[in-house]
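Visitor: Sharing a structure below in structure tokens format, with a few things to ask.
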Amino acid sequence: MHAAEKKVRAFVRVKPTAHFAQDVIKFGPDNKSIDIYIKKDAKKGIVNNKQTDWSFRLDGVLHNTSQELTYETVAKKLVSEALTGYNGTIMCYGQTGAGKTYTMTGATAEYKHRGIIPRAVQQVFKAIACSVDSFITVRISYLEIYNETLCDLLSTTTSSGASDVQMAVVDCPQGVYVKGLSIHPVSDEEDALNLLFEGETNRVIAEHSLNKNSSRSHCIFTIYIESRVRVLSDIRCIHSKINLIDLAGSEKLSKTGSEGRVLKEAAYINKSLSFLEQIIIALADPKREHIPFRQSKLTHVLKDALGGKCNTVLVANICGEALHVEETLSSLRFATRMKWITTEPVVNVTYDSEGTVKTLEKEISLLKQELAMHDSLVNRSLVTYGPLTDVQVAEIKSQIHKYLQGTIDEIDIMNFRQVQEAFRQFKLIVRQQEGEVETRLRSKYVLIDKNDFAAIAAAQKLGIVDVDHHLLKRRDVETRPTPVSPKPDEKKKKFRTSSEQFKKEGTKSFFSGRDLAAHLPSKSQVIIPTKNLNVKEKARNEDTAKKDAQPSKPVSEEISQRPSSPPLRAVAFEQFKEECGSEINRIFKENKSILLARRKRSSTVARRINIIKQEMEDIKKALEAQRQERSQQGEYVDEKGRLIIDEKEFLLIMKLKDLKEEYRCSYAELQDLKAEIQYCQHLVDRCRNKLISEFEIWYSESFLIPKYVQNALKPSGNIRPGMIPINRVMCLEEDEQERFERMQEEMLPSGPDSFSFYKAKMKTDQKHTYNRAMSSLKLMHKKPGHITAAGKDRALPFLHVT
Ligand code: ADP
Ligand code: MG
């Protein structure tokens, strides 16, 4: 949990004095700044003459401030944050006698004058008294650092410095701690204060026995707070510590004029404080990577307590007398530097894994007992609940395989671990199968990206996919051999068997078509049989490609299944004519060829009649001319009064007679042919209808009508697939060639000149039909998935029954 970036807070506390240097020390109106003025001539040699005025801006100037207000300003917030998990450090810095001890510990004789430590202890215990849902423990330690030696002020055994030798500052991932320092749990405020006073007393005793000066040592009073909250089975643990530090006097060595032991002390003090200052400068520099905490005991112990993840407050204690202005300046500089340090306090939270484990272990043993009891009640004695062994896993695996093969019908359920392992095994098998299916598909098909329009267009051109990218031709369907003319009564049976076989094969496959699609690597891909590889390339040579798409291979052993989308009717129709509809198609073709032959004959006869007619006209004209010539020349009549004609005229008359006879015969033949043609036409139409309706049924059953609908259709018999409105227009119209022949046969008797006329008409009609077909095609594209009930007049231009 990261809090916002913070700065170290620094305050200055001015010790009240009768000789306060009003001219030297001046406070800002907001009580946050302090200015120092030094006269140039005053204290020559000591004061740096180069600068005479200084201004320091801090977080607050505590001037004539009570202990209570000092605590509220300096410590209250820090202590309350420590109760929520943030570490906190308060340090008092300044020359000896400036009031550091007074600020930190206070006058122990009087409650009113108690310092930060007793007030902090009080705040902590008050907060504990208020909290209900957490279990909070407080512990205390009191450490003194004297001449780089660590002293435990609360060590019960210590009356001399003997035991202090073993103490050491130790770095560990959780932070820095002092090995050997006693940490005392306290149950209430009084307990804690007792330890504080005991420490103070020990300090004084040590001072006497070692002949040391308390102002030469650093004292660190630490309050450790730990609160545990149980969140479900986890135990959330928040812990923090408050370091309350009374530093040694910061006064300069030269000023004291010390010698010997005192000089040595001063050297240590100055050293550790100057290291502290170095640390603070280093901490304030964001580019500094290494902070030399270990240079002195003090800085090493304060590693966690300075900056970083901790709330830090400094109190610079100063004397108000002009005499101490140099020390005052030095303390204010130190305080200002402290303010440069940026901190990022974080909550110290851990989850007590040990406690959690203990709780869970207890729960598990309880549940095991419960299970054992349950098992004995239902006579299950051999069940184990531990993790599965390799042998057990292998056993489950073989069971699953047997189950899938059908060798066993059930899998015995023993316990949950076994059920989970069984599912895991199923998952493995499914994954494996998926891989195999994909490999098989890839060996057979080529995948085209749905966004690759060029490839799709090429595939459409080849008739491999339709406009909706549905696969049209499958090898297994195309390559089924054409049945050899079955007997008429077998026809229907054969027909059914074929489509049923088709469906059966579909169910035999491991996945249904839809499943298969779902298992493909990408749904935006279209499958193309591998046979039509390099679609783009082949599209360039359409003829070759078309030849390629034609059936060529013998029966394929590959699994056939109903495609997810029906093939184009035109393609299916071709297939139908070669397979189930071959017989009817043969009859249809036979009838049609008879019809065509009759029409041809009829046309020949008609042409001949026309020629005869013309010849007869010519002869009639010639005879007329003969007759006129004869009457002009005078007619010869025989004894019986019969008109005598010459041989030429006679021949003409005979020819005319023959022609008449021929005309009569031809005419009679033409009439017969007409009747025959009419009959044949009827047969052809019927065959065509039959072919189309049979195809419709086959197409619907094979591709469109769901199986359950087919089942509904079968038994009752009232609903026959044939009754489903079939597009009647679907090539019921005769094709252009037929129409032309019919027209020829009908119209030619009215004269050979009509030929060009009708040929032109036929061309126009062809064009019209083409346009109609194109618009129908567009309509179909708009409405994909049309089946049966659609408009009667909609032409299906792809289906040519010729
Ligand atoms: P330090 O610990 O910095 O050497 P002390 O805390 O011992 O100085 O203070 C020296 C004397 O000054 C003590 O007698 C203390 O009671 C007194 N003193 C310090 N600061 C104050 C203050 N703010 N108000 C009243 N007395 C003070
Ligand atoms: Mg002191």
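Visitor: When you check L382 against the structure, is it part of a loop (DSSP other than H, G, I, E, B), over 36 Å from the mean Cα position of the chain (by Cα) and at pLDDT below 90, yes or no?
Guide: Yes; evaluated as a whole, the condition is true for this residue.
Visitor: Any residue that is modelled with pLDDT under 95 and assigned to a loop (DSSP other than H, G, I, E, B) - is there at least one of those in region 143-150?
Guide: Within region 143-150, one or more residues are modelled with pLDDT under 95 and assigned to a loop (DSSP other than H, G, I, E, B).
Visitor: Next question, about the same structure. In region 326-358, what count of residues is obtained for those that are part of a helix (DSSP H, G or I), open to solvent by less than 30 Å² (accessible area, probe 1.4 Å) and β-branched (V, I, T)?
Guide: Going through region 326-358 one residue at a time, the tally reaches 2.
Visitor: Which one is most open to solvent (accessible area, probe 1.4 Å) among residues in region 420-437 that are more than 23 Å from the chain's Cα centre (by Cα), among the hydrophobic types (A, V, I, L, M, F, W, C) and under 16 Å from Q405 (Cα atoms)?
Guide: F426
Visitor: Something else now. Check whether at least one residue in region 67-88 is surrounded by fewer than 24 Cβ atoms within 10 Å (Cβ to Cβ), more than 15 Å from ligand 1 (Cβ to nearest atom), closer than 20 Å to L193 by Cα and among the hydroxyl-bearing types (S, T, Y), and report yes or no.
Guide: For region 67-88, residues surrounded by fewer than 24 Cβ atoms within 10 Å (Cβ to Cβ), more than 15 Å from ligand 1 (Cβ to nearest atom), closer than 20 Å to L193 by Cα and among the hydroxyl-bearing types (S, T, Y): present.
Visitor: Assess whether T389 counts as being of a type in the set (V, I, T), open to solvent by less than 80 Å² (accessible area, probe 1.4 Å) and touching a strand residue (DSSP E or B) at 6+ places or on another chain (Cβ under 6 Å).
Guide: Taking the combined requirement at face value, the residue does not satisfy it.
Visitor: Another question about this same structure. Within region 3-19, which residues are within 16 Å of ligand 1 (Cβ to nearest atom) and either under 18 Å from Y93 (Cα atoms) or out of contact with any strand residue (DSSP E or B) (no Cβ under 8 Å at 6 or more places or on another chain) (or both)? Please lay out each step first, then the result.
Guide: To start, the set of residues in region 3-19 that are within 16 Å of ligand 1 (Cβ to nearest atom) comprises 11-19.
F11, V12, R13, V14, K15, P16, A18, H19 - these are the residues of region 3-19 that are within 16 Å of ligand 1 (Cβ to nearest atom) and either under 18 Å from Y93 (Cα atoms) or out of contact with any strand residue (DSSP E or B) (no Cβ under 8 Å at 6 or more places or on another chain) (or both).
Visitor: Now, a different point. For the condition in contact (Cβ under 8 Å) with a residue 24 or more places away in the chain and part of a loop (DSSP other than H, G, I, E, B), what is the one hit in L306, L283?
Guide: Among L306, L283, only L306 is in contact (Cβ under 8 Å) with a residue 24 or more places away in the chain and part of a loop (DSSP other than H, G, I, E, B).
Visitor: Just to be sure, is V132 within 24 Å of G175 (Cβ to Cβ), more than 15 Å from ligand 2 (Cβ to nearest atom) and either open to solvent by less than 40 Å² (accessible area, probe 1.4 Å) or free of Cβ contacts under 8 Å to residues at least 24 places away in the same chain (or both)? Walk me through how you get there before you give the answer.
Guide: Details: within 24 Å of G175 (Cβ to Cβ): no; more than 15 Å from ligand 2 (Cβ to nearest atom): yes; either open to solvent by less than 40 Å² (accessible area, probe 1.4 Å) or free of Cβ contacts under 8 Å to residues at least 24 places away in the same chain (or both): yes.
No.
Visitor: May I ask you to verify whether T84 is of a type outside the set (D, E, K, R), in contact (Cβ under 8 Å) with a residue 24 or more places away in the chain and either in contact with a Lys or Arg (Cβ under 8 Å, 6 or more places away or on another chain) or within 16 Å of ligand 2 (Cβ to nearest atom) (or both)?
Guide: Taking the combined requirement at face value, the residue does not satisfy it.
Visitor: Which residue pairs have Cβ atoms under 8 Å apart, sit 6 or more places apart or on different chains, and have a first residue in region 104-126 that is within 11 Å of ligand 1 (Cβ to nearest atom) and a second that is of a type in the set (S, T, Y) and in a loop (DSSP other than H, G, I, E, B)?
Guide: Note: pairs meeting the criteria are G115/T105.
Visitor: Do you know which of the residues in region 582-620 that are free of Cβ contacts under 8 Å to residues at least 12 places away in the same chain and over 17 Å from R664 (Cα atoms) is least open to solvent (accessible area, probe 1.4 Å)?
Guide: So the residue we want is A597.
Visitor: Can you pull out every residue in region 101-121 that is aromatic (F, W, Y) and within 15 Å of ligand 2 (Cβ to nearest atom)?
Guide: Y102
Visitor: With the condition kept exactly as written, say whether any residue in region 263-276 is modelled with pLDDT of 85 or more, under 26 Å from C151 (Cα atoms), within 16 Å of ligand 2 (Cβ to nearest atom) and buried (at least 23 other Cβ atoms within 10 Å of the Cβ).
Guide: No, region 263-276 contains no residue that is modelled with pLDDT of 85 or more, under 26 Å from C151 (Cα atoms), within 16 Å of ligand 2 (Cβ to nearest atom) and buried (at least 23 other Cβ atoms within 10 Å of the Cβ).
Visitor: So, I145, is that one under 19 Å from I220 (Cβ atoms), out of contact with any Gly (no Cβ under 6 Å at 6 or more places or on another chain) and among the hydrophobic types (A, V, I, L, M, F, W, C) or not? Show your work before the answer.
Guide: Numbers: under 19 Å from I220 (Cβ atoms): yes; out of contact with any Gly (no Cβ under 6 Å at 6 or more places or on another chain): yes; among the hydrophobic types (A, V, I, L, M, F, W, C): yes.
For I145, the condition - under 19 Å from I220 (Cβ atoms), out of contact with any Gly (no Cβ under 6 Å at 6 or more places or on another chain) and among the hydrophobic types (A, V, I, L, M, F, W, C) - is met.
Visitor: Then there is this: Within the bounds of region 317-325, is there any residue that is polar (S, T, N, Q), under 21 Å from G249 (Cβ atoms), part of a strand (DSSP E or B) and at pLDDT 85 or above?
Guide: Within region 317-325, one or more residues are polar (S, T, N, Q), under 21 Å from G249 (Cβ atoms), part of a strand (DSSP E or B) and at pLDDT 85 or above.
Visitor: Identify all residues within region 209-239 that are more than 16 Å from ligand 2 (Cβ to nearest atom), modelled with pLDDT under 80 and not charged (D, E, K, R); write none if there are none.
Guide: Hits for region 209-239 are S209, L210, N211, V231, L232, S233, I235.
Visitor: Residues E579, E635, E676: which one is over 30 Å from E696 (Cβ atoms), surrounded by 15 or more Cβ atoms within 10 Å (Cβ to Cβ) and at pLDDT below 90?
Guide: E676
Visitor: Taking the condition part of a helix (DSSP H, G or I) and open to solvent by 20 Å² or more (accessible area, probe 1.4 Å), does E289 pass?
Guide: no
The values are calculated or read from the model by the stated rules, or taken from the named source; none is laboratory data. Being a predicted model, the structure only gives us computed values, none of them experimental. Virtual Cβ from ideal backbone geometry, glycine too; neighbours counted across all protein chains shown. Protein only, heavy atoms only, side chains kept; ligands, DNA and RNA dropped before computing areas. Shrake-Rupley method; radii C 1.70, N 1.55, O 1.52, S 1.80 Å.
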